[in-house]
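Q: The structure's right below; bear with me while I get my questions together.
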Amino acid sequence: MPNLSTIRIIGAEIYARHGVGEAERSMGGRYSFDLEIDADISAAAASDHVEDTVNYQEAYELARDILTGTNRRLLESLVVEIANALLGHFPTADSVTVRLRKLSVPIDGVMKAVEVETRKERERAHA
């Protein structure tokens, strides 16, 4: 019997170079992200082996590497790339949610962050 669960990484922070303006991409800024990965954890619960679950260290590193290794204009393109990469890397994941916050916002106003969230479900072949 499946044990559908959510594995979360909450509030990871990195420094990256993204933004609409060239100066923003050149100088960079602080970003925070959350990952939610829905998966059946039955095998991991029974075996107690990390190989049988979604390894959250690998999930963090995958998102971090995309964020620090690319130079994009929009948060939207980043969250979709991360979601697709997570589903591609973890075959046991049924769906993922990615939240990305820009903590250094070049807007004339007072705010903690701007955030984009996407949710992507694995496409299953119909029997």
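Only the coordinates and a few stated rules stand behind these numbers; no lab work does. A quick note: this is a predicted structure, and the numbers were derived from the prediction, not measured. In this analysis, Cβ positions are derived from the backbone assuming ideal geometry, glycine residues included, and neighbour counts consider all displayed protein chains.
Q: Could you state the angle between the C-alpha long axis of helix 56-69 and the longest principal axis of the C-alpha atoms of the chain, as a value from 0 to 90 degrees rounded to the nearest 10?
A: The helix 56-69 is inclined about 30 degrees to the chain.
Q: While we're looking at this one, here's another question. Hey, what does the equivalent ellipsoid look like for the chain, semi-axes from the Cα gyration tensor as sqrt of 5 times each eigenvalue, largest first, whole Å? Working shown, then result.
A: On the way: eigenvalues 193, 39, 31 Å².
Result for the chain: semi-axes of 31, 14, 12 Å.
Q: Which one, G109, G88, G28, has the greatest fluctuation when you compute a Gaussian network model over the chain with C-alpha springs under 10 angstrom?
A: Fluctuation is largest for G109.
Q: To continue, here is another question. Using the Cα centre of the range 4-121 as the reference point, and only Cβ charges (+1 on K/R, -1 on D/E), how large is the resulting charge dipole? Debye, rounded to the nearest 20.
A: The dipole of the range 4-121 has a size of about 660 debye.
Q: Restricting to DSSP H runs of at least four residues, report the calculated mean residue ellipticity at 222 nm for the chain, -39500 (n - 2.57) per run over all residues, nearest 500 deg cm²/dmol.
A: Working: 4 runs with 41 residues, N = 127.
One gets -9500 deg cm²/dmol as the mean residue ellipticity at 222 nm.
Q: On to the next question. For the range 5-25 and the range 86-113, what is the centre-to-centre distance using only Cα atoms, to the nearest Å?
A: Rounded to whole Å, the Cα centres lie 6 Å apart.
Q: Further question on the same structure: Using the basic label-point model (7 angstrom from Cα toward the beta carbon), what is the Q57 to L74 distance in nanometres?
A: 3.6 nm
Q: Relative to the longest principal axis of the chain, what angle (0 to 90°, nearest 10) does the C-alpha long axis of helix 75-89 take?
A: Relative to the chain, helix 75-89 is tipped by roughly 20 degrees.
Q: Estimate the FRET efficiency between V116 and S42 by the formula 1/(1 + (r/R0)^6), using the beta-carbon distance for r and 35 Å for R0, to the nearest 0.05. Show your work: numbers first, answer last.
A: Values: r = 32 Å, r/R0 = 0.92.
Approximately 0.60, to the nearest 0.05.
Q: If you don't mind, there's one more thing I want to ask. Using 0.36 nm per residue, how much length does the chain from R8 to D108 gain when fully extended, once their Cα-Cα distance is taken away?
A: Values: separation 100, 0.36 × 100 = 36.00 nm, distance 3.27 nm.
Taking 0.36 nm per residue and subtracting the Cα distance, the gain is 32.7 nm.
Q: Please build a GNM for the chain, connecting alpha carbons under 10 Å apart, and tell me which residue among A85, A46, A93 fluctuates the most.
A: Ranking A85, A46, A93 by mean-square fluctuation puts A46 first.
Q: Mind checking which of V96, V79, V20 has the largest fluctuation in a GNM of the chain, springs on alpha carbons under 10 Å?
A: Most flexible of the set in this elastic network: V20.
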